[in-house]
Amino acid sequence: MTRAWILPVLLVLCGSVIATGQFLSGSPIAAATLLLLFVLLAAVNSPLAFPRSTGASDAQRRSAADGRPIVYWRPGCTYCLRLRLRLGRHARQLHWVNIWRDPAGAATVRAANDGNETVPTVVVAGRPHTNPDPAWVREQLSRPA
């Protein structure tokens with residue numbers, strides 16, 4: 001199991017234990033509600049909530065060709081999730097690099113953030129921007145390359 005799935009699996013396991021306790025105490029509706037809540041939290045924090053990641057070198061090559069920004073992210077990051085959710089359908093237009101799966105992507109983020117792996121780091125036209133406002137990222141998508 002990779003690091004990306006640890007939090008979602010823990011959420012499902014904890015939710016199952018709590019829901020079982022509720023069910024055994026005679027509250028099946030509360031048990032089902034809690035289990036559903038924990039499963040939704042697990043889904044939102046899983047890598048499945050993000051567009052398919054590519055490698056840093058592939059993303060840089062594609063970005064140079066089409067001018068679209070690159071987003072360096074990692075699963076479990078609340079700021080990455082905020083960016084992903086606020087971008088909505090526009091998120092698929094960006095190039096996403098999971099720094100936990102790509103050492104070159106992690107190195108790029110460390111170089112941009114004084115040695116820290118601070119995400120999301122969005123690279124637009126070769127310039128890194130750490131934790132930018134989602135509205136600003138959407139504006140960058142509408143700019144000509």
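When only alpha carbons are used to place a centre, the range 94-117 and the range 12-80 end up 20 Å from one another. Label separation (Arg138 vs Arg52): 2.6 nm, computed from points 7 Å beyond Cα along the C-beta direction. Loop-located trypsin sites (Lys or Arg not before Pro) across the range 1-68 with a Cβ neighbour count of 14 or fewer within 10 Å are Arg52, with loop assigned by DSSP.
Shape index of the chain: Rg/Rh, with Rg the Cα radius of gyration and Rh the Kirkwood radius from the inverse mean 1/r over Cα pairs, equals 1.10.
In percent, what relative contact order does the chain have, based on Cα pairs under 8 Å that are 6 or more apart in sequence?
Numbers: 206 pairs, mean separation 32.5, N = 145.
Computed value for the chain: 22 percent relative contact order.
Taking only complete DSSP H runs, can you tell me which helices of the chain stretch 18 Å or more along their own long axis by Cα positions and average at least -0.5 on the Kyte-Doolittle scale?
Flagged H segments are 6-24, 28-44.
Taking 0.36 nm per residue of separation and subtracting the current Cα-Cα distance, fully stretching the chain between Leu7 and Arg62 would add 16.7 nm. Just so you know, the Cα atoms of the range 3-48 work out to an Rg and Dmax of 11.1, 36 Å. For Asn131, the residues 5 or more places off, or on other chains, whose built amide H falls under 5 Å of its own are Thr121, Val122.
For n ≥ 4 DSSP H runs only, could you compute -39500 (n - 2.57) per run for the chain, divide by its residues and tell me the 222 nm figure to the nearest 500?
Working: 6 runs with 76 residues, N = 145.
Result for the chain, helices only: -16500 deg cm²/dmol.
Cβ crowding within 10 Å, taken as a proxy for footprinting-reagent exposure, orders Ile18, Ile70, Ile29 from fewest neighbours to most as Ile29, Ile18, Ile70.
Here the spin labels are modelled as points 7 Å beyond Cα on the Cα-Cβ line, and at Ser25 and Leu37 they lie 1.2 nm apart.
Every read-out reported here was derived from the displayed coordinates using simple, explicitly stated rules and does not represent laboratory data. Every value quoted in this text rests on a predicted model; they were computed, and no experiment measured them. No Cβ is skipped: glycine too gets one built from the backbone with ideal geometry, and neighbour counts run over all protein chains shown.
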